[in-house]
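The values are calculated or read from the model by the stated rules, or taken from the named source; none is laboratory data. Worth saying up front: this structure is predicted, and the values here are computed from it rather than measured. Quick reminder, even Gly has a Cβ in these numbers, built from the backbone with ideal geometry, and neighbours come from all protein chains shown.
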Amino acid sequence: MFPAPVEKSSAGVQLAYKLALPVALLLWLLPLLAIFMTSIRPLSDINTGNVFGIPSDFAMVENYSQVFAQTDAWQYFINTMVITLPTVAVSIALACLTGYALAVYQFKWALPMFFLFVAGNFVPFQILMLPVIDLSNKMEIYNTVPGLVMFHAAFQTGFCTLFMRNFIKALPRELIESARIEGVGEFRIFWHLVLPLVKPAVAALAVLIFTFIWNDFFWATVMLQDDARLPITVGIRSLNGEFVQQWHLISAASLLAAVPPVAMFFLMQKHFIAGLTLGATKG
């Protein structure tokens, strides 16, 4: 009875959305644009206070090359890979096994254990700093990369288990029961039946955990004291001397540090989106 007002209202909402989207995108990209502009300025601009104006000269090649020539950026990148890749592998492997057990097996403590994993995600990491340092000292793994990987994996496994359990729970239970009737072992069911079906979820989880660990600053600062073991997020601090603030190099290094997670997202974009939408239309 009132089609015209509804259509006008809908058209007005769409117009407002189209006008607000570029503004929101600009505001979101403004800090990144400011960092990029700083990364291509010469040091003389920063010393004279020309931080937000047009650069007097474009020193992009010089600044980005100095990041690797004057610092241990390559070593920091390698350290970050050594920390991130094992953490992602261990976290996802444990989460797939635990998620399968909590989703498929029917036992008394399944739901309380699942709630325990969920509750662990709400504990602020900062309040665990002193217990973690004390425990790592007792285990003699403080200031070691394996120690940092172990604690990263422990903290991320809770979220990963929550993620994988929900996806595995959404699978038709008849598939697993049919395989059991045919005499297929539990590990073969997990490896050959369940994992291929949740592969998009595993890919999405890998992108998320890779980004979380790659961008970590807190635990790397707490657990590592040796400069030779630092990841790129912490190693960037070395570009700041006691009397010299090399913001042009810090900006360049920050953008370089963001390249691997962004590249991984675009490489895994198809699987990432498929994983996030897996089961969205179920029922």
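Would the stretch 213-227 turn up any residue that is in the same structural domain as THR161 (by TED's automatic domain parsing), surrounded by 20 or more Cβ atoms within 10 Å (Cβ to Cβ) and in contact with a Gly (Cβ under 8 Å, 6 or more places away or on another chain)?
Yes: the stretch 213-227 contains one or more residues that are in the same structural domain as THR161 (by TED's automatic domain parsing), surrounded by 20 or more Cβ atoms within 10 Å (Cβ to Cβ) and in contact with a Gly (Cβ under 8 Å, 6 or more places away or on another chain).
Here is a yes/no grid of residues against (1) under 21 Å from the mean Cα position of the chain (by Cα); (2) without any contact (Cβ under 8 Å) to a residue 24 or more places away in the chain:
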| residue | (1), (2) |
| --- | --- |
| LEU102 | no, no |
| MET113 | no, yes |
| TYR142 | no, no |
| GLN156 | yes, no |
| PHE159 | yes, no |
| PHE167 | yes, no |
| LEU197 | no, no |
| ILE213 | yes, no |
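Restricting to the stretch 11-59, count the residues that are in a helix (DSSP H, G or I), of a type in the set (A, V, I, L, M, F, W, C) and touching a helix residue (DSSP H, G or I) at 6+ places or on another chain (Cβ under 7 Å).
Of the residues in the stretch 11-59, the ones in a helix (DSSP H, G or I) are 11-39, 43-47.
With the extra rule that they be of a type in the set (A, V, I, L, M, F, W, C), the set shrinks to 11, 13, 15-16, 19-21, 23-30, 32-37, 43, 46.
Checking which are touching a helix residue (DSSP H, G or I) at 6+ places or on another chain (Cβ under 7 Å) leaves us with 35-36, 43, 46.
Adding up the residues that qualify gives 4.
Restricting attention to the stretch 47-67, does a residue exist that is surrounded by 10 or more Cβ atoms within 10 Å (Cβ to Cβ) and within 27 Å of ILE209 (Cβ to Cβ)?
There is at least one residue in the stretch 47-67 that is surrounded by 10 or more Cβ atoms within 10 Å (Cβ to Cβ) and within 27 Å of ILE209 (Cβ to Cβ).
Name, by its number, the condition in (1) touching a Lys or Arg at 6+ places or on another chain (Cβ under 7 Å); (2) over 30 Å from LEU33 (Cβ atoms) that does not hold for ILE92.
For ILE92, the failing item is (1).
Kindly establish whether PHE107 is assigned by TED's automatic domain parsing to the domain that holds PHE218, in contact with a helix residue (DSSP H, G or I) (Cβ under 8 Å, 6 or more places away or on another chain) and aromatic (Phe, Trp, Tyr). Show your work before the answer.
Values: assigned by TED's automatic domain parsing to the domain that holds PHE218: yes; in contact with a helix residue (DSSP H, G or I) (Cβ under 8 Å, 6 or more places away or on another chain): no; aromatic (Phe, Trp, Tyr): yes.
For PHE107, the condition - assigned by TED's automatic domain parsing to the domain that holds PHE218, in contact with a helix residue (DSSP H, G or I) (Cβ under 8 Å, 6 or more places away or on another chain) and aromatic (Phe, Trp, Tyr) - is not met.
If the requirement is being part of a helix (DSSP H, G or I), in the same structural domain as THR87 (by TED's automatic domain parsing) and either surrounded by 16 or more Cβ atoms within 10 Å (Cβ to Cβ) or within 30 Å of the chain's Cα centre (by Cα) (or both), which of these qualifies: LEU193, LEU175, LEU171? Break it down stepwise before answering.
Numbers: LEU175 fails: either surrounded by 16 or more Cβ atoms within 10 Å (Cβ to Cβ) or within 30 Å of the chain's Cα centre (by Cα) (or both); LEU171 fails: part of a helix (DSSP H, G or I).
Just a single option satisfies the conditions, and that option is LEU193.
Those residues that are surrounded by 12 or more Cβ atoms within 10 Å (Cβ to Cβ) and modelled with pLDDT under 85, I need them from the stretch 96-115; list them, please.
ALA110 - this is the single residue of the stretch 96-115 that is surrounded by 12 or more Cβ atoms within 10 Å (Cβ to Cβ) and modelled with pLDDT under 85.
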